[in-house]
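Asks: Attaching a single structure in C-alpha cells format; questions to follow.
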Amino acid sequence: MGQSLNGIPDVAAKHLCCGCGACAYVQPDAIRMVDDLDRGRRPLVQEGSDTGEALEVCPGKGLEHTFDRDGSEWIEELVDGWGPVLEMWEGFAADDEVRWLASSGGAATALALHALEHEDHHGVLHVAAREDVPYLNQTVLSRSRAELLAATGSRYAPASPCDGLQRVEDAPAPCVFVGKPCDVAGAAAAARKRPALADNLGLTIAIFCAGTPSTRGTLEMARAMGVDEPEAIDSVRYRGKGWPGGAEVTTEVDGAARTERMSYGASWGKILQKHRQWRCYVCADHTGEFADIAVGDPWYREIPPDEPGRSLVVVRTERGRQFVRAAVASGALQLERVSPDLLPASQMNLLHTRGAVWGRSLACRMLGAAAPVYRNMATGRIWLRHLSLKQRAQSIYGTFKRVFTKRLREPAPVVPFEPLALAPHADEREEAEAA
C-alpha cells in the first residue's frame, strides 16, 4: 500500500503496529506476540525470518475499502465518515445479567451468545483477563454462556485476538470473532488469504474504540487507587455493572481481598487515554468498518445515574443484518431502528479524529516518520469538511511536536515485559533502550 516496509519488524520499529496479532497467526513459526509495557502487544520476530506473508495481512500499515461506495444499499450520508452502513439500531441485551455486566447494553455479548445457542456456532474468539496475571489479556475461545460472561466489560488494555485465529480455522463449525476495529480488519485480511479461515468466520463483531492504552496505563490506574504492587492484583474491570460503569481493581494480600473503585471519567478520562499507543492517533477506523456488525455507546444523550445500559448497533453487511434480525427474533436482543444521524451524534469525537488523521499522517511524512496508508476512506474530505480551520492546523502542527517528543523517527524496539516483576519506571526503560 505504498509503505516502504520490509516486513513485520519494520511495522513495529516504525510505530505502525496496532498489536492485533494477525501476523503471528499467518506465520506462527516466525512470529509470536509479547507484552511490551509501554507500547502494547508487539510481534517478536525470529531473527532472519522473512515475514512478507504476514505483512500482507497487517492492518497496521494501512487499510483499504473495496465495497462499491455508490451502491444504493448503503446509508449515503454515513459512507464518507463511517464506512459501509446498512442499518442503525439501538437497544440492549434482553438478558438482565448480560446487560448489567457489559460496558453498555450488552449487545455484542448477546449476539455472540445467540450464535452459540441458536446458530450452531462452535465458539467465540475474543479476549479475557489472563488468569495468572489479571491486568494482562489473553485470547480465548468461549463456548458457553458462563465463559462469555466471565469476560464481559471493556478491556482497556493491549490485546491481540488475531493470534488465536488458528483455533477458528481448526474448529468443526463456524465461530464468532469479537475485537477492536483493527483486530477485525486483521482477521478480514487474513481470511482473504486463508480460505479455511474464511469458511469458519461465521460472524465478526467490532467494538468501537478510541484507542488502546498500554499496560503502563493499567498499572498507573491501579496506583491511583492505592494499589502499588502489581503482583497483588487479583482482578481488573474497566467498565460494566451499570452504564458506563466504573473501574475496579481487586487485590488479595494474606488471604484478605480488597476492591478499589474509580469512576469511568477518572479512569479513562484522566489516566488511561494518556497511555494510548501512537498508532491509535493515526487510525482512521474507530467504529469497525470491516466487521459484519459494530457496537458502541450511544453517547448522544445524557445518561441518568440508574441507566442499566444501551448499545448502538451498526449493521455493515448482509450477514450482519440477518444475525441481528435473528437475535431479535430469538429474544436475545431488544432493539429499535434509529436515525442515521445518531451515529455522528453519539461519536462526534471519532469523526473529528478521522479527519485529524489526514493532517497527522501528512505531518509525519513531511518530517520523515512513517504513517499508515488509507484508500477509499475519505480522510481528506473529512479533514476539509468537518474540522474547523483551527482543528486542521492543530492536526498538522500538533503532530510536528509529537514526532519529536514521541521519537517517531527513531526505531521502537520490542521490549518484552516480565509481568510478575515490578514495572520499571519510564526513565529506567529509556536507559535500557539506550544501552
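Asks: Do we have any residue at all in the range 150-167 that's surrounded by fewer than 21 Cβ atoms within 10 Å (Cβ to Cβ) and without any contact (Cβ under 8 Å) to a residue 24 or more places away in the chain?
Replies: For the range 150-167, residues surrounded by fewer than 21 Cβ atoms within 10 Å (Cβ to Cβ) and without any contact (Cβ under 8 Å) to a residue 24 or more places away in the chain: present.
Asks: Only one residue in G331, G288 is in contact (Cβ under 8 Å) with a residue 24 or more places away in the chain, assigned to a loop (DSSP other than H, G, I, E, B), buried (at least 19 other Cβ atoms within 10 Å of the Cβ) and at positive phi. Which one?
Replies: Of the residues listed, the single one that is in contact (Cβ under 8 Å) with a residue 24 or more places away in the chain, assigned to a loop (DSSP other than H, G, I, E, B), buried (at least 19 other Cβ atoms within 10 Å of the Cβ) and at positive phi is G288.
Asks: Pairs needed: first member in the range 217-234, more than 16 Å from Q273 (Cβ to Cβ) and touching a residue at least 12 places away in the same chain (Cβ under 8 Å); second member anywhere, among the basic types (K, R) and surrounded by 14 or more Cβ atoms within 10 Å (Cβ to Cβ); C-beta distance under 8 Å; at least 6 residues apart or different chains.
Replies: Pairs that qualify, where the first residue is more than 16 Å from Q273 (Cβ to Cβ) and touching a residue at least 12 places away in the same chain (Cβ under 8 Å) and the partner is among the basic types (K, R) and surrounded by 14 or more Cβ atoms within 10 Å (Cβ to Cβ), are M225/R261.
Asks: One residue is enough: does the range 362-378 have a residue meeting the conditions of a type in the set (S, T, Y) and either assigned to a helix (DSSP H, G or I) or at pLDDT below 95 (or both)?
Replies: no
Asks: Continuing with the same structure: Run down E56, E97 and say which single residue is surrounded by fewer than 19 Cβ atoms within 10 Å (Cβ to Cβ) and over 25 Å from T259 (Cα atoms).
Replies: E56
Asks: With respect to D228, determine if the residue is part of a strand (DSSP E or B) and closer than 28 Å to G269 by Cα.
Replies: So D228 fails the test.
Asks: What about P213, is it at pLDDT below 95 and either within 19 Å of the chain's Cα centre (by Cα) or buried (at least 22 other Cβ atoms within 10 Å of the Cβ) (or both)?
Replies: No.
Asks: Further question on the same structure: Filter the range 333-384 for residues that are out of contact with any strand residue (DSSP E or B) (no Cβ under 7 Å at 6 or more places or on another chain), of a type in the set (D, E, K, R) and under 21 Å from P298 (Cβ atoms) and give the result.
Replies: Residues satisfying the conditions are D341, R354.
Asks: Next question, about the same structure. If I filter the range 99-109 for residues that are farther than 22 Å from F417 by Cβ, part of a strand (DSSP E or B) and at pLDDT 95 or above, do I get at least one hit?
Replies: Within the range 99-109, not a single residue is farther than 22 Å from F417 by Cβ, part of a strand (DSSP E or B) and at pLDDT 95 or above.
The values are calculated or read from the model by the stated rules, or taken from the named source; none is laboratory data. Worth saying up front: this structure is predicted, and the values here are computed from it rather than measured. For neighbour counting, all protein chains shown are included, and Cβ atoms are generated from backbone atoms with ideal geometry for every residue, glycine included.
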